[in-house]
Amino acid sequence: MGTTTSRIVTYSFRTCHPQRVGKDGCIHSALELRAEVLSPANAPQMMTRKKEDYAGIGVPELWILSPENSTFEVLHLEKGKLGTRQILKEGYLHPLCFPNVQVGVASVWPD
């Protein structure tokens, strides 16, 4: 019987505005975009906790990528909670923090 390996993959993005860099040289701000890739290790309870944690530190945008469904769930922070704005299988993503960037949903998933 084979062994199954599960991995949690996350990506974080932050722009570096001079006013956010402290005298210590460290960036003092919340992440501006967090991307989570679902895997068998991402139990629904874990993702619920992560959404709460990200909302609690003020992450304004979260993308949840589902390889199984080939979808992107886009969540935005509103009134202290991350809520789903859209779920995409095609089209383009436009991150709030990078207005000149677009990500083709289809280009992320292998054929």
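Regarding the stretch 28-44, can at least one residue be identified that is assigned to a strand (DSSP E or B), touching a His at 6+ places or on another chain (Cβ under 8 Å) and surrounded by fewer than 17 Cβ atoms within 10 Å (Cβ to Cβ)?
Among the residues of the stretch 28-44, not one is assigned to a strand (DSSP E or B), touching a His at 6+ places or on another chain (Cβ under 8 Å) and surrounded by fewer than 17 Cβ atoms within 10 Å (Cβ to Cβ), which makes the answer no.
Tell me which of these Asn69 doesn't satisfy, since it passes every other one: (1) of a type in the set (S, T, N, Q); (2) modelled with pLDDT of 90 or more; (3) part of a loop (DSSP other than H, G, I, E, B).
If we test Asn69 against (1) of a type in the set (S, T, N, Q); (2) modelled with pLDDT of 90 or more; (3) part of a loop (DSSP other than H, G, I, E, B), just (2) comes out false.
Going through the stretch 79-103 one residue at a time, which ones are within 15 Å of Ser66 (Cα to Cα) and either over 15 Å from the mean Cα position of the chain (by Cα) or of a type in the set (Phe, Trp, Tyr) (or both)?
Lys89, Glu90
Only one of (1) at positive phi; (2) not in a loop (DSSP other than H, G, I, E, B) fails for Ile87. Which number is that?
Failing condition for Ile87: (1).
Return the pairs, sorted by first residue and then second, in which the second residue is of a type in the set (Gly, Ala, Ser) and at pLDDT below 85, the first residue lies in the stretch 28-57 and is farther than 26 Å from Ser70 by Cβ, the beta carbons are less than 7 Å apart, and the residues are 6+ apart or on different chains.
So the pair list comes out as His28/Gly22; Ile57/Ala30.
Looking at the stretch 87-100, which of its residues are surrounded by 12 or more Cβ atoms within 10 Å (Cβ to Cβ) and without any contact (Cβ under 8 Å) to a residue 24 or more places away in the chain?
Once the filter is applied, which keeps residues that are surrounded by 12 or more Cβ atoms within 10 Å (Cβ to Cβ) and without any contact (Cβ under 8 Å) to a residue 24 or more places away in the chain, the stretch 87-100 yields Ile87, Leu88, Lys89, Gly91, Tyr92, His94.
Select from the stretch 53-78 the residues that are of a type in the set (Ser, Thr, Tyr) and either loosely packed, with under 15 Cβ neighbours inside 10 Å or over 13 Å from the mean Cα position of the chain (by Cα) (or both) and list them in ascending order.
Passing the criteria: only Ser70.
The values are calculated or read from the model by the stated rules, or taken from the named source; none is laboratory data. It should be emphasised that the depicted structure is a prediction, and the values quoted were computed from it without experimental measurement. Using ideal geometry, Cβ is built from the backbone for each residue, glycine included, and neighbour counts are taken over all protein chains shown.
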